[in-house]
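Asks: Quick one: the structure is below, questions incoming.
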Amino acid sequence: MPTNSVIAFFAGLALTTASVQAQPRSSTKAPPRPKAVAEAPTRTGSVANLPESTISRAEVESHIRFLASDELQGRRTGEPGNQTAARYIAEQFRLLGLKPAASIDGQASYFQSIAMERVKAASSAIMIVGKDTLKLGKELAVMTGGPADVTGEVLYAGYGLTDGDDGYKGRNVKGRIVVVQGGSPDAKGPGEIFKASGAKRKLAAEKGAAALIELYSESIPWGFVNQYFSREQISIANTTTGGTPVTHLWVNNANNQYKQLKEAGQTVTLRTTGRPRTPAPSANVAGIIEGTDPKLKEEYVVLSAHFDHIGVGKQGGSPYQSTDSIFNGARDNAFGTVSILMASKVLIQQRPKRSVLVLALTGEEVGLLGSSYYAEHPLVPLKQTVFDLNTDGAGYNDTTIVSVIGLERTGAKAEIEAAATAFGLGIFAEPAPEQGLFDRSDNVSFAAKGIPAPTFTPGFKSFDEVISKYYHQAIDNPESLDFPYVHRFCQAYAYAARLIANRPTRPQWSVGDKYESAGKALYGQ
Ligand SMILES: [Zn+2]
(Lines give C-alpha, C1' and ligand atoms only; values in the text may rest on other atoms or scores of the structure.)
Protein backbone atom coordinates (compact mmCIF):
# COMPACT_ATOMS: atom_id res chain seq x y z
CA MET A 1 0.00 0.00 0.00
CA PRO A 2 1.29 3.55 -0.75
CA THR A 3 3.62 6.04 1.03
CA ASN A 4 1.31 6.83 3.85
CA SER A 5 -1.66 5.13 5.25
CA VAL A 6 -3.90 7.70 3.66
CA ILE A 7 -3.94 6.21 0.21
CA ALA A 8 -4.04 2.76 1.78
CA PHE A 9 -7.18 3.91 3.61
CA PHE A 10 -8.81 5.44 0.56
CA ALA A 11 -7.59 2.71 -1.77
CA GLY A 12 -8.92 0.12 0.71
CA LEU A 13 -12.28 1.87 0.54
CA ALA A 14 -12.05 1.83 -3.25
CA LEU A 15 -11.18 -1.86 -3.11
CA THR A 16 -14.12 -2.79 -0.93
CA THR A 17 -16.60 -0.67 -2.84
CA ALA A 18 -15.43 -1.00 -6.45
CA SER A 19 -14.32 -4.61 -6.85
CA VAL A 20 -17.50 -6.41 -5.88
CA GLN A 21 -19.60 -4.33 -8.27
CA ALA A 22 -17.23 -4.05 -11.21
CA GLN A 23 -16.18 -7.61 -11.67
CA PRO A 24 -18.29 -10.16 -13.54
CA ARG A 25 -19.06 -13.23 -11.47
CA SER A 26 -15.84 -15.13 -12.07
CA SER A 27 -15.76 -18.86 -12.10
CA THR A 28 -13.39 -18.82 -9.16
CA LYS A 29 -15.61 -19.79 -6.24
CA ALA A 30 -13.23 -20.68 -3.34
CA PRO A 31 -10.94 -22.76 -5.55
CA PRO A 32 -11.41 -26.51 -4.88
CA ARG A 33 -8.15 -28.06 -3.66
CA PRO A 34 -6.83 -29.58 -6.90
CA LYS A 35 -5.59 -32.82 -5.35
CA ALA A 36 -3.66 -34.40 -8.26
CA VAL A 37 -2.06 -31.31 -9.71
CA ALA A 38 -1.26 -29.67 -6.34
CA GLU A 39 0.45 -32.68 -4.88
CA ALA A 40 2.68 -33.50 -7.83
CA PRO A 41 4.05 -30.24 -9.20
CA THR A 42 5.45 -30.67 -12.67
CA ARG A 43 8.97 -29.78 -11.61
CA THR A 44 11.28 -29.59 -14.60
CA GLY A 45 14.58 -31.43 -14.42
CA SER A 46 16.41 -28.14 -13.88
CA VAL A 47 15.26 -27.72 -10.29
CA ALA A 48 15.25 -31.30 -9.11
CA ASN A 49 18.79 -30.90 -7.77
CA LEU A 50 18.20 -27.51 -6.27
CA PRO A 51 17.46 -26.95 -2.57
CA GLU A 52 14.17 -25.33 -3.67
CA SER A 53 12.88 -28.83 -4.32
CA THR A 54 13.55 -29.80 -0.73
CA ILE A 55 11.27 -27.13 0.73
CA SER A 56 8.53 -29.14 2.39
CA ARG A 57 4.88 -28.28 2.53
CA ALA A 58 4.92 -29.05 6.25
CA GLU A 59 7.52 -26.39 7.07
CA VAL A 60 5.65 -23.83 4.95
CA GLU A 61 2.43 -24.68 6.75
CA SER A 62 3.93 -24.59 10.24
CA HIS A 63 5.48 -21.15 9.71
CA ILE A 64 2.18 -19.77 8.38
CA ARG A 65 0.16 -21.38 11.14
CA PHE A 66 2.37 -19.65 13.72
CA LEU A 67 2.57 -16.19 12.07
CA ALA A 68 -1.15 -16.10 11.25
CA SER A 69 -2.24 -17.67 14.53
CA ASP A 70 -4.78 -16.07 16.84
CA GLU A 71 -2.02 -15.81 19.43
CA LEU A 72 -0.28 -13.12 17.37
CA GLN A 73 -3.46 -11.06 17.38
CA GLY A 74 -3.16 -9.87 13.77
CA ARG A 75 0.45 -8.59 14.15
CA ARG A 76 -0.52 -4.90 14.23
CA THR A 77 2.42 -2.48 14.16
CA GLY A 78 3.36 -1.39 17.66
CA GLU A 79 1.45 -4.24 19.32
CA PRO A 80 2.98 -7.28 21.14
CA GLY A 81 1.88 -9.69 18.36
CA ASN A 82 3.90 -7.68 15.85
CA GLN A 83 6.98 -7.82 18.10
CA THR A 84 6.56 -11.57 18.60
CA ALA A 85 6.43 -12.07 14.85
CA ALA A 86 9.60 -9.97 14.47
CA ARG A 87 11.38 -12.06 17.12
CA TYR A 88 10.25 -15.27 15.39
CA ILE A 89 11.63 -14.13 12.04
CA ALA A 90 14.91 -12.99 13.60
CA GLU A 91 15.41 -16.34 15.30
CA GLN A 92 14.69 -18.12 12.01
CA PHE A 93 17.41 -15.99 10.41
CA ARG A 94 19.75 -16.96 13.24
CA LEU A 95 18.85 -20.65 12.86
CA LEU A 96 19.48 -20.49 9.10
CA GLY A 97 22.78 -18.66 9.55
CA LEU A 98 22.01 -15.29 7.98
CA LYS A 99 24.32 -12.46 8.98
CA PRO A 100 22.63 -9.75 11.09
CA ALA A 101 22.21 -6.72 8.80
CA ALA A 102 21.45 -4.05 11.38
CA SER A 103 22.88 -2.94 14.69
CA ILE A 104 21.58 -1.72 18.02
CA ASP A 105 23.94 0.33 20.20
CA GLY A 106 26.81 -0.82 18.01
CA GLN A 107 25.90 -4.48 18.44
CA ALA A 108 25.09 -6.50 15.33
CA SER A 109 21.37 -7.20 15.24
CA TYR A 110 18.66 -8.53 12.96
CA PHE A 111 16.40 -5.70 14.15
CA GLN A 112 16.29 -2.30 12.43
CA SER A 113 14.42 -0.49 15.19
CA ILE A 114 12.02 2.26 14.16
CA ALA A 115 10.67 4.81 16.65
CA MET A 116 6.98 4.87 15.82
CA GLU A 117 4.09 6.36 17.70
CA ARG A 118 0.39 5.70 18.07
CA VAL A 119 -1.58 8.89 17.37
CA LYS A 120 -5.02 8.78 18.90
CA ALA A 121 -7.95 10.64 17.32
CA ALA A 122 -8.94 13.99 18.84
CA SER A 123 -11.92 13.70 21.18
CA SER A 124 -13.04 17.33 20.86
CA ALA A 125 -12.39 20.46 18.84
CA ILE A 126 -14.34 23.68 18.26
CA MET A 127 -13.54 26.85 16.37
CA ILE A 128 -15.49 30.07 16.89
CA VAL A 129 -15.54 32.35 13.83
CA GLY A 130 -17.77 35.38 14.27
CA LYS A 131 -21.17 33.95 15.17
CA ASP A 132 -20.36 30.46 13.81
CA THR A 133 -19.09 27.58 15.98
CA LEU A 134 -17.44 24.87 13.89
CA LYS A 135 -17.31 21.41 15.43
CA LEU A 136 -15.18 18.25 15.24
CA GLY A 137 -16.48 15.84 12.62
CA LYS A 138 -19.01 17.97 10.71
CA GLU A 139 -16.75 20.93 10.03
CA LEU A 140 -13.37 20.14 11.62
CA ALA A 141 -10.78 17.34 11.43
CA VAL A 142 -7.71 17.41 13.70
CA MET A 143 -4.59 16.19 11.89
CA THR A 144 -1.97 16.60 14.58
CA GLY A 145 -1.00 18.59 17.61
CA GLY A 146 -1.40 18.72 21.34
CA PRO A 147 -4.19 20.32 23.37
CA ALA A 148 -4.74 23.95 22.34
CA ASP A 149 -6.83 26.93 23.44
CA VAL A 150 -5.89 29.98 21.36
CA THR A 151 -7.68 33.14 20.33
CA GLY A 152 -6.29 35.61 17.85
CA GLU A 153 -6.49 37.39 14.52
CA VAL A 154 -5.82 34.92 11.73
CA LEU A 155 -3.30 35.45 8.95
CA TYR A 156 -3.89 34.05 5.45
CA ALA A 157 -0.77 32.60 3.74
CA GLY A 158 -2.01 31.25 0.39
CA TYR A 159 -1.14 27.53 0.12
CA GLY A 160 1.36 28.05 2.95
CA LEU A 161 4.01 26.08 1.09
CA THR A 162 6.58 28.87 0.67
CA ASP A 163 7.81 31.96 2.45
CA GLY A 164 7.57 33.78 -0.87
CA ASP A 165 4.84 35.98 -2.40
CA ASP A 166 2.52 33.01 -2.95
CA GLY A 167 2.86 32.05 0.71
CA TYR A 168 3.98 33.80 3.90
CA LYS A 169 5.59 36.76 2.11
CA GLY A 170 8.33 36.59 4.76
CA ARG A 171 5.88 37.69 7.47
CA ASN A 172 6.49 36.91 11.14
CA VAL A 173 3.73 34.56 12.26
CA LYS A 174 5.16 33.55 15.63
CA GLY A 175 2.27 32.63 17.96
CA ARG A 176 -0.28 33.43 15.24
CA ILE A 177 -3.16 31.35 13.89
CA VAL A 178 -2.35 30.79 10.21
CA VAL A 179 -5.00 29.99 7.57
CA VAL A 180 -4.01 28.33 4.28
CA GLN A 181 -5.71 26.95 1.20
CA GLY A 182 -6.09 23.14 1.10
CA GLY A 183 -4.27 20.98 -1.46
CA SER A 184 -1.56 22.52 -3.66
CA PRO A 185 -1.33 23.80 -7.22
CA ASP A 186 -0.47 20.33 -8.54
CA ALA A 187 -1.77 17.96 -5.85
CA LYS A 188 -4.26 15.50 -7.33
CA GLY A 189 -4.64 12.21 -5.43
CA PRO A 190 -4.94 11.65 -1.67
CA GLY A 191 -1.21 11.01 -1.36
CA GLU A 192 -0.20 14.35 -2.87
CA ILE A 193 -2.85 16.25 -0.89
CA PHE A 194 -1.56 14.74 2.37
CA LYS A 195 2.05 15.24 1.36
CA ALA A 196 1.39 18.93 0.68
CA SER A 197 -0.42 19.17 4.01
CA GLY A 198 2.61 17.73 5.79
CA ALA A 199 4.88 20.26 4.10
CA LYS A 200 2.61 23.14 5.21
CA ARG A 201 2.69 21.87 8.78
CA LYS A 202 6.50 21.68 8.72
CA LEU A 203 6.83 25.28 7.47
CA ALA A 204 4.20 26.60 9.91
CA ALA A 205 6.04 24.88 12.78
CA GLU A 206 9.38 26.30 11.61
CA LYS A 207 7.85 29.77 11.57
CA GLY A 208 6.50 29.26 15.11
CA ALA A 209 2.79 29.46 14.28
CA ALA A 210 0.41 28.69 17.19
CA ALA A 211 -1.98 26.79 14.91
CA LEU A 212 -2.51 25.97 11.25
CA ILE A 213 -5.99 25.94 9.70
CA GLU A 214 -6.35 24.43 6.23
CA LEU A 215 -9.47 25.25 4.19
CA TYR A 216 -10.27 21.88 2.67
CA SER A 217 -12.23 21.57 -0.60
CA GLU A 218 -10.41 18.73 -2.41
CA SER A 219 -11.49 15.63 -4.32
CA ILE A 220 -11.77 13.22 -1.40
CA PRO A 221 -15.27 13.49 0.09
CA TRP A 222 -15.28 15.03 3.61
CA GLY A 223 -16.98 11.89 4.96
CA PHE A 224 -13.88 9.84 4.14
CA VAL A 225 -11.59 12.52 5.54
CA ASN A 226 -13.52 12.58 8.76
CA GLN A 227 -13.62 8.78 8.96
CA TYR A 228 -9.85 8.66 8.46
CA PHE A 229 -9.04 11.24 11.13
CA SER A 230 -11.37 9.78 13.68
CA ARG A 231 -9.19 6.67 13.71
CA GLU A 232 -5.96 6.01 15.55
CA GLN A 233 -2.93 6.24 13.30
CA ILE A 234 0.60 4.93 13.54
CA SER A 235 3.34 7.20 12.30
CA ILE A 236 7.10 7.44 12.46
CA ALA A 237 8.03 9.63 15.42
CA ASN A 238 9.68 12.85 14.43
CA THR A 239 12.90 12.29 16.37
CA THR A 240 14.53 15.45 14.93
CA THR A 241 12.14 18.03 16.41
CA GLY A 242 10.88 15.62 19.09
CA GLY A 243 8.45 18.31 20.38
CA THR A 244 4.67 18.33 19.91
CA PRO A 245 3.76 19.07 16.28
CA VAL A 246 1.88 22.31 15.62
CA THR A 247 -1.92 22.10 16.10
CA HIS A 248 -3.15 21.45 12.58
CA LEU A 249 -6.80 21.31 11.53
CA TRP A 250 -8.72 20.90 8.32
CA VAL A 251 -11.94 22.90 7.87
CA ASN A 252 -14.65 21.46 5.62
CA ASN A 253 -14.81 24.31 3.09
CA ALA A 254 -16.36 22.26 0.28
CA ASN A 255 -18.66 25.14 -0.77
CA ASN A 256 -16.19 27.88 0.13
CA GLN A 257 -18.51 28.70 3.02
CA TYR A 258 -15.62 29.86 5.22
CA LYS A 259 -13.92 32.11 2.67
CA GLN A 260 -14.05 34.96 5.20
CA LEU A 261 -11.18 33.23 7.00
CA LYS A 262 -8.94 34.41 4.16
CA GLU A 263 -9.77 38.04 4.89
CA ALA A 264 -7.66 40.20 7.20
CA GLY A 265 -9.05 41.16 10.62
CA GLN A 266 -10.84 37.87 11.33
CA THR A 267 -10.58 36.78 14.97
CA VAL A 268 -10.83 33.10 15.74
CA THR A 269 -10.95 31.03 18.92
CA LEU A 270 -9.69 27.47 18.63
CA ARG A 271 -10.04 24.83 21.38
CA THR A 272 -9.08 21.16 20.99
CA THR A 273 -7.88 18.18 23.02
CA GLY A 274 -5.43 17.55 20.16
CA ARG A 275 -4.20 14.06 19.30
CA PRO A 276 -2.42 12.22 22.16
CA ARG A 277 0.67 10.27 21.05
CA THR A 278 2.22 7.22 22.71
CA PRO A 279 5.33 5.30 21.65
CA ALA A 280 4.69 2.26 19.40
CA PRO A 281 8.18 0.89 18.80
CA SER A 282 8.56 -1.55 15.95
CA ALA A 283 11.32 -2.96 13.79
CA ASN A 284 12.19 -4.27 10.36
CA VAL A 285 14.02 -7.61 10.52
CA ALA A 286 17.03 -7.95 8.20
CA GLY A 287 19.63 -10.62 7.43
CA ILE A 288 22.31 -11.02 4.77
CA ILE A 289 23.43 -13.98 2.65
CA GLU A 290 26.79 -13.17 1.17
CA GLY A 291 27.23 -13.95 -2.54
CA THR A 292 29.91 -16.21 -3.98
CA ASP A 293 31.15 -14.20 -6.94
CA PRO A 294 34.11 -11.96 -6.03
CA LYS A 295 32.66 -9.07 -8.07
CA LEU A 296 28.92 -9.63 -8.10
CA LYS A 297 28.76 -10.19 -4.34
CA GLU A 298 29.16 -6.43 -3.95
CA GLU A 299 25.68 -6.15 -5.46
CA TYR A 300 22.56 -6.90 -3.41
CA VAL A 301 19.18 -8.35 -4.31
CA VAL A 302 16.56 -7.50 -1.66
CA LEU A 303 13.87 -10.04 -0.83
CA SER A 304 11.15 -8.07 0.97
CA ALA A 305 7.80 -8.91 2.53
CA HIS A 306 5.80 -7.13 5.19
CA PHE A 307 4.98 -9.20 8.30
CA ASP A 308 2.61 -6.76 9.98
CA HIS A 309 -1.14 -6.87 9.55
CA ILE A 310 -4.11 -4.89 10.88
CA GLY A 311 -4.67 -6.32 14.37
CA VAL A 312 -7.95 -7.04 16.15
CA GLY A 313 -11.45 -5.64 16.32
CA LYS A 314 -11.87 -1.92 15.58
CA GLN A 315 -8.14 -1.57 15.00
CA GLY A 316 -8.55 -3.40 11.72
CA GLY A 317 -10.99 -0.91 10.26
CA SER A 318 -12.92 -3.77 8.68
CA PRO A 319 -16.21 -5.32 9.79
CA TYR A 320 -15.88 -8.34 12.14
CA GLN A 321 -18.00 -10.73 14.17
CA SER A 322 -17.87 -10.74 17.96
CA THR A 323 -17.04 -14.43 17.58
CA ASP A 324 -13.96 -13.68 15.48
CA SER A 325 -12.35 -10.26 15.79
CA ILE A 326 -8.77 -11.30 14.97
CA PHE A 327 -7.48 -10.33 11.52
CA ASN A 328 -5.03 -13.22 11.11
CA GLY A 329 -3.55 -12.00 7.83
CA ALA A 330 -2.67 -15.45 6.43
CA ARG A 331 -2.83 -14.19 2.82
CA ASP A 332 -1.74 -10.66 3.82
CA ASN A 333 1.04 -11.28 4.41
CA ALA A 334 2.07 -14.39 6.33
CA PHE A 335 2.12 -15.91 2.82
CA GLY A 336 4.88 -13.54 1.65
CA THR A 337 6.77 -13.62 4.95
CA VAL A 338 7.12 -17.39 4.72
CA SER A 339 8.23 -17.05 1.09
CA ILE A 340 11.23 -14.94 2.10
CA LEU A 341 11.99 -17.36 4.96
CA MET A 342 11.98 -20.31 2.55
CA ALA A 343 14.09 -18.36 0.04
CA SER A 344 16.57 -17.60 2.84
CA LYS A 345 16.81 -21.28 3.70
CA VAL A 346 17.61 -22.46 0.17
CA LEU A 347 19.84 -19.52 -0.81
CA ILE A 348 22.07 -20.03 2.21
CA GLN A 349 22.23 -23.76 1.45
CA GLN A 350 23.43 -22.96 -2.07
CA ARG A 351 24.55 -19.35 -2.32
CA PRO A 352 24.02 -17.32 -5.46
CA LYS A 353 26.62 -15.05 -7.06
CA ARG A 354 25.18 -11.77 -5.75
CA SER A 355 24.54 -11.10 -2.10
CA VAL A 356 20.98 -11.16 -0.81
CA LEU A 357 19.42 -8.90 1.83
CA VAL A 358 16.33 -10.58 3.31
CA LEU A 359 14.04 -7.88 4.70
CA ALA A 360 10.88 -8.53 6.71
CA LEU A 361 9.12 -5.17 6.88
CA THR A 362 6.85 -3.72 9.53
CA GLY A 363 4.33 -0.90 9.24
CA GLU A 364 3.09 -1.66 5.71
CA GLU A 365 -0.59 -1.63 6.61
CA VAL A 366 -0.26 1.74 8.30
CA GLY A 367 1.37 3.42 5.35
CA LEU A 368 4.44 1.56 4.14
CA LEU A 369 6.25 2.91 7.18
CA GLY A 370 8.85 0.10 7.43
CA SER A 371 9.89 0.25 3.76
CA SER A 372 9.87 4.05 3.53
CA TYR A 373 11.99 4.15 6.69
CA TYR A 374 14.34 1.54 5.19
CA ALA A 375 14.66 3.54 1.95
CA GLU A 376 15.79 6.54 4.03
CA HIS A 377 18.02 4.39 6.29
CA PRO A 378 19.33 1.62 4.02
CA LEU A 379 21.38 -1.18 5.64
CA VAL A 380 23.33 -1.76 2.42
CA PRO A 381 24.07 1.11 0.00
CA LEU A 382 21.12 1.77 -2.33
CA LYS A 383 23.61 2.21 -5.15
CA GLN A 384 24.66 -1.45 -4.70
CA THR A 385 21.06 -2.62 -4.37
CA VAL A 386 20.21 -3.81 -7.87
CA PHE A 387 16.74 -5.31 -7.38
CA ASP A 388 13.91 -5.75 -4.86
CA LEU A 389 11.75 -8.85 -5.28
CA ASN A 390 8.87 -7.82 -3.04
CA THR A 391 6.14 -10.32 -2.17
CA ASP A 392 2.78 -9.24 -0.76
CA GLY A 393 -0.77 -10.35 -1.35
CA ALA A 394 -4.39 -9.36 -1.09
CA GLY A 395 -5.36 -12.98 -1.76
CA TYR A 396 -5.71 -15.32 -4.74
CA ASN A 397 -8.43 -16.73 -6.97
CA ASP A 398 -6.31 -18.70 -9.43
CA THR A 399 -3.88 -21.35 -8.10
CA THR A 400 -2.48 -22.20 -11.52
CA ILE A 401 -0.53 -18.95 -11.69
CA VAL A 402 1.59 -16.40 -9.87
CA SER A 403 0.76 -12.74 -10.58
CA VAL A 404 3.56 -10.20 -10.85
CA ILE A 405 2.93 -6.47 -10.49
CA GLY A 406 5.58 -4.65 -12.50
CA LEU A 407 6.78 -7.74 -14.39
CA GLU A 408 7.01 -5.88 -17.70
CA ARG A 409 8.71 -2.84 -16.16
CA THR A 410 11.54 -4.14 -13.98
CA GLY A 411 13.82 -6.18 -16.21
CA ALA A 412 13.68 -9.70 -14.73
CA LYS A 413 10.75 -11.12 -16.65
CA ALA A 414 12.62 -14.14 -18.05
CA GLU A 415 13.92 -15.22 -14.64
CA ILE A 416 10.56 -14.85 -12.94
CA GLU A 417 8.76 -16.75 -15.72
CA ALA A 418 11.36 -19.55 -15.70
CA ALA A 419 11.03 -19.90 -11.94
CA ALA A 420 7.24 -20.17 -12.01
CA THR A 421 7.29 -22.59 -14.91
CA ALA A 422 9.84 -24.76 -13.11
CA PHE A 423 7.28 -25.34 -10.37
CA GLY A 424 4.30 -25.84 -12.65
CA LEU A 425 2.87 -22.34 -12.37
CA GLY A 426 1.97 -19.81 -15.03
CA ILE A 427 2.72 -16.08 -14.78
CA PHE A 428 0.14 -13.29 -15.05
CA ALA A 429 1.54 -9.80 -15.46
CA GLU A 430 -0.05 -6.60 -14.15
CA PRO A 431 -3.27 -7.91 -12.53
CA ALA A 432 -6.14 -5.46 -11.86
CA PRO A 433 -4.36 -2.55 -13.61
CA GLU A 434 -7.18 -0.17 -12.60
CA GLN A 435 -6.07 -0.50 -8.97
CA GLY A 436 -2.60 1.00 -9.50
CA LEU A 437 -1.13 -1.78 -7.34
CA PHE A 438 2.50 -1.02 -8.22
CA ASP A 439 2.37 2.10 -6.07
CA ARG A 440 0.49 0.46 -3.20
CA SER A 441 2.97 -1.95 -1.65
CA ASP A 442 6.46 -1.81 -0.22
CA ASN A 443 8.08 -2.24 -3.63
CA VAL A 444 7.31 1.40 -4.37
CA SER A 445 9.61 2.59 -1.57
CA PHE A 446 12.48 0.96 -3.51
CA ALA A 447 11.17 1.94 -6.95
CA ALA A 448 11.01 5.58 -5.90
CA LYS A 449 14.73 5.38 -5.18
CA GLY A 450 15.34 3.95 -8.66
CA ILE A 451 15.66 0.25 -7.74
CA PRO A 452 13.69 -2.10 -10.05
CA ALA A 453 11.09 -3.60 -7.71
CA PRO A 454 8.14 -5.74 -8.76
CA THR A 455 5.72 -7.49 -6.42
CA PHE A 456 5.44 -11.28 -6.70
CA THR A 457 1.90 -12.00 -5.55
CA PRO A 458 -0.47 -15.00 -5.27
CA GLY A 459 -2.50 -15.75 -8.39
CA PHE A 460 -5.26 -13.39 -9.46
CA LYS A 461 -6.08 -11.54 -12.66
CA SER A 462 -8.73 -9.22 -11.28
CA PHE A 463 -10.38 -8.44 -8.01
CA ASP A 464 -13.55 -10.43 -7.46
CA GLU A 465 -15.65 -11.60 -4.56
CA VAL A 466 -13.16 -14.35 -3.72
CA ILE A 467 -10.49 -11.71 -3.20
CA SER A 468 -12.67 -9.30 -1.24
CA LYS A 469 -14.06 -12.22 0.79
CA TYR A 470 -10.65 -12.55 2.46
CA TYR A 471 -8.99 -9.14 1.90
CA HIS A 472 -8.51 -7.56 5.35
CA GLN A 473 -11.17 -9.89 6.75
CA ALA A 474 -11.12 -11.89 9.98
CA ILE A 475 -11.56 -15.12 7.99
CA ASP A 476 -8.18 -14.66 6.29
CA ASN A 477 -6.82 -17.42 8.51
CA PRO A 478 -4.55 -20.45 7.89
CA GLU A 479 -7.45 -22.90 7.76
CA SER A 480 -8.75 -21.23 4.59
CA LEU A 481 -5.47 -21.56 2.68
CA ASP A 482 -4.61 -23.94 -0.17
CA PHE A 483 -1.27 -25.13 1.31
CA PRO A 484 -0.13 -27.16 -1.74
CA TYR A 485 -0.41 -23.90 -3.70
CA VAL A 486 1.38 -21.89 -1.00
CA HIS A 487 4.11 -24.53 -1.06
CA ARG A 488 4.69 -24.17 -4.79
CA PHE A 489 4.44 -20.38 -4.58
CA CYS A 490 7.29 -20.36 -2.03
CA GLN A 491 9.42 -22.64 -4.23
CA ALA A 492 8.84 -20.48 -7.31
CA TYR A 493 9.63 -17.30 -5.34
CA ALA A 494 12.87 -18.77 -3.97
CA TYR A 495 13.94 -19.95 -7.41
CA ALA A 496 13.15 -16.56 -8.97
CA ALA A 497 15.34 -14.92 -6.32
CA ARG A 498 18.17 -17.32 -7.18
CA LEU A 499 17.94 -16.72 -10.92
CA ILE A 500 17.91 -12.93 -10.45
CA ALA A 501 20.86 -13.05 -8.03
CA ASN A 502 22.78 -15.14 -10.57
CA ARG A 503 22.07 -12.97 -13.61
CA PRO A 504 25.21 -11.89 -15.46
CA THR A 505 23.90 -8.31 -15.72
CA ARG A 506 21.66 -6.45 -13.33
CA PRO A 507 17.98 -5.89 -14.29
CA GLN A 508 17.01 -2.54 -15.81
CA TRP A 509 13.83 -0.48 -15.84
CA SER A 510 11.97 -0.64 -19.13
CA VAL A 511 12.72 2.42 -21.25
CA GLY A 512 10.50 5.39 -20.44
CA ASP A 513 9.23 3.90 -17.18
CA LYS A 514 8.06 6.33 -14.48
CA TYR A 515 11.01 5.27 -12.30
CA GLU A 516 13.67 4.90 -14.99
CA SER A 517 15.16 8.35 -14.40
CA ALA A 518 15.43 7.68 -10.67
CA GLY A 519 17.32 4.52 -11.62
CA LYS A 520 19.67 6.44 -13.84
CA ALA A 521 20.27 8.96 -11.05
CA LEU A 522 20.91 6.23 -8.48
CA TYR A 523 23.25 4.07 -10.53
CA GLY A 524 24.90 7.04 -12.22
CA GLN A 525 24.21 6.02 -15.82
ZN1 LIG B 1 -0.14 -6.63 2.34
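The values are calculated or read from the model by the stated rules, or taken from the named source; none is laboratory data. Bear in mind that the values here come from a model prediction, so they are computed numbers and not experimental data. Heads up, the Cβs are rebuilt from the backbone with ideal geometry, glycines too, and the neighbour counts pull from every protein chain shown. Side chains are part of the model used for accessible areas, which takes the heavy atoms of the whole protein and leaves out ligands, DNA and RNA. Shrake-Rupley method; radii C 1.70, N 1.55, O 1.52, S 1.80 Å.
Asks: Of the conditions (1) open to solvent by 10 Å² or more (accessible area, probe 1.4 Å); (2) on the phi < 0 side of the Ramachandran plot, Pro484 clears all except one; give me its number.
Replies: Condition not satisfied by Pro484: (1).
Asks: Follow-up question, since we're still on this one. Return yes when Asn284 is open to solvent by 10 Å² or more (accessible area, probe 1.4 Å) and of a type outside the set (D, E, K, R) and no when it is not.
Replies: no
Asks: Take the conditions assigned to a loop (DSSP other than H, G, I, E, B), over 25 Å from Ala432 (Cβ atoms) and either within 11 Å of the ligand (Cβ to nearest atom) or without any contact (Cβ under 8 Å) to a residue 60 or more places away in the chain (or both) and apply them to Pro352. Does it pass?
Replies: Here the answer is no, as Pro352 does not meet what is asked.
Asks: Got a number for residues in the range 487-511 being open to solvent by less than 10 Å² (accessible area, probe 1.4 Å) and touching a Gly at 6+ places or on another chain (Cβ under 6 Å)?
Replies: 1
Asks: Condition first: open to solvent by 10 Å² or more (accessible area, probe 1.4 Å) and within 22 Å of the chain's Cα centre (by Cα). Now tell me which residues in the range 320-330 satisfy that.
Replies: If the condition is that a residue be open to solvent by 10 Å² or more (accessible area, probe 1.4 Å) and within 22 Å of the chain's Cα centre (by Cα), then Ile326 is the only one that fits.
Asks: Moving to a separate point now. I need a count of the residues in the range 255-265 that are over 19 Å from Pro221 (Cα atoms) and open to solvent by less than 40 Å² (accessible area, probe 1.4 Å).
Replies: Result for the range 255-265: 1.
Asks: Checking Arg331 against (1) part of a helix (DSSP H, G or I); (2) under 21 Å from Ser230 (Cα atoms): exactly one of these is not met. Which one?
Replies: Every condition holds for Arg331 apart from (2).
Asks: Name the single residue, out of those in the range 434-448 being more than 14 Å from the ligand (Cβ to nearest atom) and open to solvent by 30 Å² or more (accessible area, probe 1.4 Å), that is farthest from the chain's Cα centre (by Cα).
Replies: Here the residue is Glu434.
Asks: Let me ask something additional. Looking at the range 99-116, which of its residues are within 20 Å of Asn82 (Cα to Cα) and small (Gly, Ala, Ser)?
Replies: Once the filter is applied, which keeps residues that are within 20 Å of Asn82 (Cα to Cα) and small (Gly, Ala, Ser), the range 99-116 yields Ala101, Ala102, Ser103, Ser109, Ser113, Ala115.
Asks: In addition: Return the residues of the range 404-433 that are open to solvent by less than 10 Å² (accessible area, probe 1.4 Å), within 16 Å of the ligand (Cβ to nearest atom) and out of contact with any Lys or Arg (no Cβ under 7 Å at 6 or more places or on another chain); say none if nothing qualifies.
Replies: Of everything in the range 404-433, those that are open to solvent by less than 10 Å² (accessible area, probe 1.4 Å), within 16 Å of the ligand (Cβ to nearest atom) and out of contact with any Lys or Arg (no Cβ under 7 Å at 6 or more places or on another chain) turn out to be Val404, Gly406, Ala432.
Asks: Select from the range 205-219 the residues that are modelled with pLDDT of 90 or more and among the acidic types (Asp, Glu) and list them in ascending order.
Replies: Glu206, Glu214
Asks: Further question on the same structure: Give the range 290-326 a look and list any residue that's within 16 Å of the ligand (Cβ to nearest atom), over 29 Å from Ala101 (Cβ atoms) and in a loop (DSSP other than H, G, I, E, B), or say none.
Replies: Passing the criteria: Gly317, Ser318.
Asks: Conditions: (1) within 16 Å of the ligand (Cβ to nearest atom); (2) not in a loop (DSSP other than H, G, I, E, B). Phe387 meets all but one. Number of the miss?
Replies: The single condition Phe387 does not satisfy is (1).
Asks: Any residue in the range 281-298 that's β-branched (Val, Ile, Thr): show its pairings with residues that are open to solvent by 60 Å² or more (accessible area, probe 1.4 Å) at Cβ separation under 8 Å, as long as the two are six or more apart or on different chains.
Replies: Correct list of pairs: Ile288/Lys99; Ile289/Lys99; Ile289/Arg351; Thr292/Arg351; Thr292/Lys353.
Asks: Within the range 197-226, which residues are open to solvent by 60 Å² or more (accessible area, probe 1.4 Å) and free of Cβ contacts under 8 Å to residues at least 40 places away in the same chain?
Replies: Those that are open to solvent by 60 Å² or more (accessible area, probe 1.4 Å) and free of Cβ contacts under 8 Å to residues at least 40 places away in the same chain: Lys202, Glu206, Ser219, Pro221.
Asks: Give Thr267, Thr292 a once-over and let me know the one that is among the hydroxyl-bearing types (Ser, Thr, Tyr) and closer than 30 Å to Gln384 by Cβ.
Replies: None of the others qualify; the one that does is Thr292.
Asks: Looking at Leu389, Leu425, Leu368 in this structure, which one is in contact (Cβ under 8 Å) with a residue 12 or more places away in the chain and within 30 Å of Asn238 (Cβ to Cβ)?
Replies: Leu368
Asks: For the range 357-378, state whether one or more residues are away from the ligand (no atom under 12 Å from the Cβ), open to solvent by 10 Å² or more (accessible area, probe 1.4 Å) and not in a helix (DSSP H, G or I).
Replies: Yes, some residue in the range 357-378 is away from the ligand (no atom under 12 Å from the Cβ), open to solvent by 10 Å² or more (accessible area, probe 1.4 Å) and not in a helix (DSSP H, G or I).
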